[in-house]
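Okay, so here's the structure we're looking at.
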Amino acid sequence: MNISIAIDGPAGAGKSTIAKLVGDRYSLMYINTGAMYRAVTLKAMQNNIKPDNTEELVELINNLDMHFQGEKLIVNGQDVTEEIYMPIISKNVSYYSTIKEVREKLVELQRRIAQKYSVIMDGRDIGTVVLKDAKLKIFLTASAETRANRRYKELEEKGIEVNYEEILEDIKKRDYIDSNREISPLTKAEDAIEIDSSNLDIPGVVDKISYYIDGIK
Ligand code: C5P
């Protein structure tokens, strides 16, 4: 039987880094749902479709073929993995993610993947909506400043020119929109285990999660 592990939390808490490592350790497929919302945002923006233009947005989504190839996200045959992390996408993604039709389509796709494979899936609504029956739910947090610092270093390493204050502001704004939207807001599932990673290094968090996984196997 397939097992599912859900990791939710705010922007920049380290979800993807951690989920990838835990996935490798336990042979679970890693599904980055934030990348999927980013890909919809990228394609919508390329086609000049605003978040409130539901009709065109739905048509766009219905024509998107999205799948993961290892860590790469392929959309209509094109590798968008790098492009979706450009600051312009980070600035706009939360607006597209509030749209009901966008969420319905992506949630359906995420559930289909989890039915087929054992997964570790990260996002905002995985434990509360997408995989309510996940074997283990983790809510990963860190202070906004810690998260902004990490994002800054990550982007700098990729050679993308960035400003720390701007990233911090963007993170706070996304936290606000993601936590206050009407549909599937970012919130800790009742049965999720909260881990604050502000003072933990990556192996420390991976070990902590591994401890809980070993408990369910
Ligand atoms: O995880 P990441 O920071 O890349 O996610 C980008 C954005 O996608 C989030 O700020 C949020 O607006 C949206 N998102 C979402 N639900 C998810 C994953 C991401 O609304 N499950």
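Counting only residues that are assigned to a helix (DSSP H, G or I), surrounded by 13 or more Cβ atoms within 10 Å (Cβ to Cβ) and of a type in the set (S, T, N, Q), the stretch 38-53 holds 1 of them. Hey, Met121 hits all of (1) in contact with a Leu (Cβ under 9 Å, 6 or more places away or on another chain); (2) assigned to a helix (DSSP H, G or I) but one; which does it fall short on? It is condition (2) that Met121 fails. Just to be sure before I move on: is Ala11 within 11 Å of the ligand (Cβ to nearest atom), aliphatic (A, V, I, L, M) and free of Cβ contacts under 8 Å to residues at least 60 places away in the same chain in the structure I sent? For Ala11, the condition - within 11 Å of the ligand (Cβ to nearest atom), aliphatic (A, V, I, L, M) and free of Cβ contacts under 8 Å to residues at least 60 places away in the same chain - is not met. If the condition is being in contact (Cβ under 8 Å) with a residue 40 or more places away in the chain and surrounded by fewer than 17 Cβ atoms within 10 Å (Cβ to Cβ), then the stretch 189-202 contributes Asp191, Ile193, Glu194, Asp196, Ser198, Ile202.
When the stretch 1-30 is filtered for residues that are buried (at least 24 other Cβ atoms within 10 Å of the Cβ), at pLDDT 95 or above, outside any helix (DSSP H, G or I) and among the aliphatic types (A, V, I, L, M), the ones remaining, listed by number, are Ile5, Ala6, Ile7. Within the stretch 8-19, is there a residue that is polar (S, T, N, Q) and over 16 Å from the mean Cα position of the chain (by Cα)? So far as the stretch 8-19 goes, no, none of its residues is polar (S, T, N, Q) and over 16 Å from the mean Cα position of the chain (by Cα).
On the stretch given as the stretch 159-217, residues that are at pLDDT below 95, within 13 Å of Leu136 (Cα to Cα) and outside any helix (DSSP H, G or I) total 1. You will find that of Asn32, Asn48, the residue that is among the polar types (S, T, N, Q) and under 19 Å from the mean Cα position of the chain (by Cα) is Asn32 and no other. Scanning the stretch 124-158 for residues that are exposed (fewer than 15 other Cβ atoms within 10 Å of the Cβ) and either among the hydrophobic types (A, V, I, L, M, F, W, C) or assigned to a loop (DSSP other than H, G, I, E, B) (or both) gives Lys132, Asp133, Ser143, Lys158. Restricting Val119, Val102, Val130 to residues that are under 17 Å from Lys15 (Cβ atoms), within 12 Å of the ligand (Cβ to nearest atom) and under 16 Å from the mean Cα position of the chain (by Cα) narrows the list to Val130. State all residues of the stretch 54-92 that are over 16 Å from the mean Cα position of the chain (by Cα) and either within 13 Å of the ligand (Cβ to nearest atom) or part of a helix (DSSP H, G or I) (or both); if no residue qualifies, say none. Residues satisfying the conditions are Thr54, Glu55, Glu56, Leu57, Val58, Glu59, Leu60, Ile61, Asn62, Ile88.
The values are calculated or read from the model by the stated rules, or taken from the named source; none is laboratory data. Please read these numbers as outputs of a predicted model, since none were measured by experiment. Methodologically, a virtual Cβ is constructed for each residue, glycine included, from the backbone with ideal geometry; neighbour enumeration extends over all protein chains shown.
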